[in-house]
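Chemist: Dropping the structure in here first, questions after.
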Amino acid sequence: MYLLNWTPFVFDRKGFPRDEEGRPFIPSNVIEGALKSAGIYYYIKKDKEIENKVKKYLLDKNLNPKEVVKEIRKIVFDKYPVFKSLKIQEKIYLNPEKIKEEYIEVFDLKDWIDVKGFKTEIYQDTLEVEIEVEDIEKLKAIAHSYAEGLAHMEKSMLKDHPLAENFYAPLISEMKNWEIPLRIGLWTENHYKGTLLYFWRIKEIREKFLKEHHIDIRPRYILYLPREKQTTGWSELKKTL
């Protein structure tokens, strides 16, 4: 398969990892994690039993915030082992000539300010990736549900900021034609990334995390490239080019 990076992606604040020969790469969990975040959103939205189980877990007074992603994955994928057969090559090598160093804003979608930007490596190019998965059609449905939901949320948080219409409106329109849309790499400073995306509108859960754990479950702080006027990590998996 091919990974098309429609906007540049970031691995972390230190840049991309290198192998023992100094070749830059991204590990398989960059794609696997993006797919699993999409799967969590899709099945919580689809299955009321799963939704209620996750909701009950999140409202438990003994909740350990560090275990949230692990536990939600268990709840969802024990019932829907959709990624059981998923295989992705361990290291996906990057073209060194396509790596750039650039200033990234950590952009507050609510207050429209750069809260703690940094300089790091970015990458934008098409990558060939060895991926095996049983049900490609199910993967498409999962990916579209999540990516479109995430894009709509970010656009709604921006309200009348120019980025909403100039970037997100065309992105949402174009994304409908993508084969398997993904959000990869480091695209938010939120600890849970998009794992809790489904619950961002549920007041009691949102307020519990803010009050007890000082965590906004919405990906409020996202990575933004001021020069390109784009947010990071919007990508597409395709079977063929």
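The values are calculated or read from the model by the stated rules, or taken from the named source; none is laboratory data. Small disclaimer: the values here were computed from a predicted structure and weren't measured. When we count neighbours, we look across all protein chains shown, and the Cβ atoms used for this are built from the backbone with ideal geometry, even at glycine. Side chains are part of the model used for accessible areas, which takes the heavy atoms of the whole protein and leaves out ligands, DNA and RNA. Shrake-Rupley method; radii C 1.70, N 1.55, O 1.52, S 1.80 Å.
Quick grid of which residues meet (1) in a helix (DSSP H, G or I); (2) touching a residue at least 12 places away in the same chain (Cβ under 8 Å):
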site	(1), (2)
TYR42	yes, yes
LYS55	yes, yes
ASP60	no, no
LYS66	yes, no
GLU97	yes, no
GLU102	no, yes
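Chemist: For ARG227, are the conditions met, namely being open to solvent by 20 Å² or more (accessible area, probe 1.4 Å), basic (Lys, Arg), in contact with a Ser or Thr (Cβ under 9 Å, 6 or more places away or on another chain) and under 21 Å from ILE113 (Cβ atoms)?
Modeler: No.
Chemist: Keeping to the stretch 78-136, report how many residues are open to solvent by less than 40 Å² (accessible area, probe 1.4 Å), out of contact with any helix residue (DSSP H, G or I) (no Cβ under 8 Å at 6 or more places or on another chain) and of a type in the set (Phe, Trp, Tyr).
Modeler: Matching residues across the stretch 78-136 total 2.
Chemist: Let me ask another. Can you report the number of residues in the stretch 137-153 which are open to solvent by 30 Å² or more (accessible area, probe 1.4 Å) and either of a type outside the set (Lys, Arg) or modelled with pLDDT of 95 or more (or both)?
Modeler: 6
Chemist: If a residue must be assigned to a helix (DSSP H, G or I) and more than 16 Å from the chain's Cα centre (by Cα), how many such residues does the stretch 153-190 contain?
Modeler: Selection size over the stretch 153-190: 13.
Chemist: For the stretch 193-214, name all the residues that are assigned to a loop (DSSP other than H, G, I, E, B) and more than 21 Å from ILE50 (Cα to Cα).
Modeler: Scanning the stretch 193-214 gives a single hit, HIS214.
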